[in-house]
1. Which aspartates and glutamates have a Cα lying under 15 Å from the Cα of Lys333, excluding residues fewer than 8 positions away in the same chain?
2. Convert each backbone phi in the range 319-328 into a coupling constant with the Karplus relation 6.51 cos²θ - 1.76 cosθ + 1.60 (shift: θ = phi - 60°), then list the ³J(HN,Hα) values in order as whole Hz, x for Gly and Pro.
3. Between the range 113-184 and the range 538-577, what is the C-alpha centre distance in whole Å?
4. Answer with one residue from Phe532, Phe98, Leu376: the one whose Cα lies farthest towards the positive end of the charge dipole of the chain, charges on Cβ with Lys, Arg +1 and Asp, Glu -1.
5. Under a point-charge model restricted to the Cβ atoms of Lys and Arg (+1) and Asp and Glu (-1), what is the dipole moment magnitude of the chain relative to its Cα centre, in debye to the nearest 20?
6. How much FRET efficiency would the formula 1/(1 + (r/R0)^6) give for Ser180 and Gln216, where r is the Cβ-Cβ distance and R0 is 25 Å, rounded to 0.05?
7. Along the range 22-29, what does the Karplus equation 6.51 cos²θ - 1.76 cosθ + 1.60 (θ = phi - 60°) give for ³J(HN,Hα), rounded to whole Hz, x for Gly and Pro?
8. So what are the radius of gyration and Dmax for the Cα set of the chain, in Å?
Amino acid sequence: MKRLPRIEQYGLIGDMQTSAHVCDDGSIDWRCLPRFDSPAVFAGLLGTQKHGTWKLAPAATAGRASSGAVAERRYRGDSLVLESLWRTPTGSGRVIDFMPPRDGAPQVIRIVEGVTGEVEMVSALRPRPGYGSVSPWIHEVGGRMVAEAGADALWLDTCIKQVEKDGVIVSTFSVTAGQSLAFVLSWCPSHAAAPDVPDPEAALAETLTFWQDWTQECTYDGPYREAVVRSLIALKAMTYGPSGGIVAAPTTSLPEEIGGGRNWDYRFTWLRDASTTLAALLGTGYRDEAQAWRRWLLRAVAGDPENLQIMYGIAGERDLRERVLPWLPGYEKSTPVRVGNGAADQLQLDVYGEVIETLYLAHQSGVAHCADTAVLHRRLIEHLVERWQEPDEGIWEIRGVRRHFVHSKVMAWVAIDRTIRLVEASALDMGLGPLVELRETIHREVCTQGFDPVRNTFTQSYGSTELDAATLLIPRVGFLPPDDPRVIGTVDAVRRELATPDGLVRRYPTVGDHAGVDGLKGDEGTFILCSFWLVDALALTGRLDEAHTLFERLLALRNDLGLLAEEYDPVQQRQLGNFPQAFSHMGLIQSARLLHQLSTRSSPHRGAACVPAPGSQERRPRQTCKDLTSQHA
């Protein structure tokens with residue numbers, strides 16, 4: 001039984017409807033079909049090989065630790081086509097893994113190319129539908145191998161002889177220099193006709209063209225462009241093409257602490273995550289995704305904004321009931337393994353701010369407010385006006401007692417502020433007077449009840465002493481200007497109490513074996529997005545050199561393919577949490593853009609902060625900043 005690799009040893013391939021995780025040992029250990037949120041047919045990532053894998057690698061690496069074969073890997077150009085080069089004592093070979101953007105059956109295509117000499121290869125396909133719980137019926141149909149179980153059928157096409165042994169489809173073959181062989185695994189409903197046999201080389205060319213065309217739309221041309229483009233590709237890969245929904249991550253239950261229980265299903269569309277992801281996409285020139293997401297939002301919320309959920313299924317589903325899969329032992333014995341997410345029923349007032357901020361940003365980017373969006377916008381504001389004074393579960397989805405979280409109130413302020421801006425721009429028809437008064441009321445309350453004057457810092461919630469990294473966003477969203485002493489004090493307090501000496505930031509204090517503010521036992525790693533927030537806060541408060549240093553330190557946390565998980569363990573020096581994480585890549589993009597803007601001393605625009613006019617006594621930025629967007633979660 002092979003030892004589970006570290007999370008960062010995986011690469012991602014996908015078709016904008018689902019994805020697969022390819023390890024650097026040649027094994028695909030996670031794949032859900034036919035959608036991101038469908039049951040996995042390969043669930044080895046959360047268990048063992050018996051829960052489903054597909055390994056394709058030199059035969060000499062079967063024991064993983066032996067052989068002397070070395071794999072080097074990269075994405076081919078600006079694409080999601082993964083290449084792994086294997087060197088063995090007898091020769092070298094390349095495996096090309098990709099998933100064609102789908103217009104038919106979902107496929108994983110693996111092309112093996114001989115580079116030098118001769119390499120003996122092995123393909124061992126162990127499909128296990130139902131998150132590794134079902135052994136399929138494997139048989140041959142017209143020279144093609146098919147694995148069927150319930151509603152699922154997996155068809156494996158290759159010119160190599162295939163043998164079924166103990167539930168594993170095995171192919172052993174040699175590849176020589178200049179030779180090319182392909183394996184194609186296609187899914188279709190078990191009751192449907194067999195999928196067409198594809199042309200692997202044509203599919204590869206079409207896939208590369210798709211990504212080349214898409215990445216050429218990127219308008220960002222500043223420093224760190226390679227990292228920005230790679231993050232944009234990761235975000236695009238997490239978009240569900242048919243609906244416009246965006247998953248927070250394509251995995252479930254990768255742990256925030258090895259061996260711990262903070263394991264959650266992220267294969268859904270959080271309004272917050274999707275909104276901030278779209279802010280990053282819009283800021284780099286991508287408008288089609290914003291239009292698709294807006295249509296998704298209208299369908300998901302429908303005529304029921306009073307019962308707004310903080311997350312939905314990728315096609316707008318509302319029932320996301322959480323359950324445990326007891327047969328899976330979890331990644332490195334981190335249990336429970338969960339599917340579904342009970343946080344869908346929580347009250348999180350900040351999502352109103354994120355959604356309305358994105359609608360505002362879309363308008364600023366030229367995506368005109370439509371009549372249906374305007375109706376939804378007004379109803380969301382009407383509902384927020386009624387509920388903003390309630391305690392909630394907050395941005396971090398606590399499973400403890402509701403509180404008056406400062407970030408939630410700040411984002412309620414953002415929702416009102418951006419609505420006022422749209423009204424002033426004649427893009428929305430609402431009365432200004434009550435909105436202006438409410439904006440002032442929320443601002444005054446937060447500054448009074450959410451601020452600790454003794455420590456000169458905003459706190460996690462009203463009356464608490466704990467800190468929260470989300471308060472780093474206060475200058476980013478324009479609630480206070482970055483030169484306000486309360487902002488500087490908050491940044492310093494977060495660095496002092498929540499950050500490591502290297503600047504890696506925790507979300508908030510956790511208390512080990514005793515349930516704390518979040519109602520959960522155990523600990524977690526540093527939160528990568530929060531560390532990018534610190535980059536922004538340092539830059540905005542005039543510490544640009546420190547911001548650049550921290551940003552480059554965070555870039556070094558990416559794996560060799562440029563991918564980031566949700567968290568990082570600075571002690572064990574490894575990535576933690578679901579992978580890759582949209583939040584982390586969104587933070588990278590927004591920080592790179594902000595650093596570029598401030599370094600070139602350009603006028604504030606999308607993604608930049610708002611600074612009061614010289615000599616102004618008004619500490620609130622609404623009178624001077626007319627084109628503000630935020631980076632937040």
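1. Once the sequence-local aspartates and glutamates are set aside, what remains near Lys333 is Glu256, Glu257.
2. Whole-Hz 3J(HN,Hα) from phi for the range 319-328: 8, 10, 3, 8, 8, 10, 9, x, 7, 8.
3. One Cα centre to the other: 39 Å.
4. So the residue furthest toward the plus end is Phe532.
5. 440 debye
6. 0.35
7. Computed from phi, the couplings for the range 22-29 are 10, 7, 6, 9, x, 9, 8, 10 Hz.
8. Values for the chain (Cα only, Rg and Dmax): 24.8, 81 Å.
Here, each number is a calculation from the coordinates, and none is a lab measurement. This is a predicted model, so every value here is computed, not measured. Neighbour counts are summed over all protein chains in view; Cβ atoms, including those assigned to glycine, are modelled from backbone coordinates with ideal geometry.
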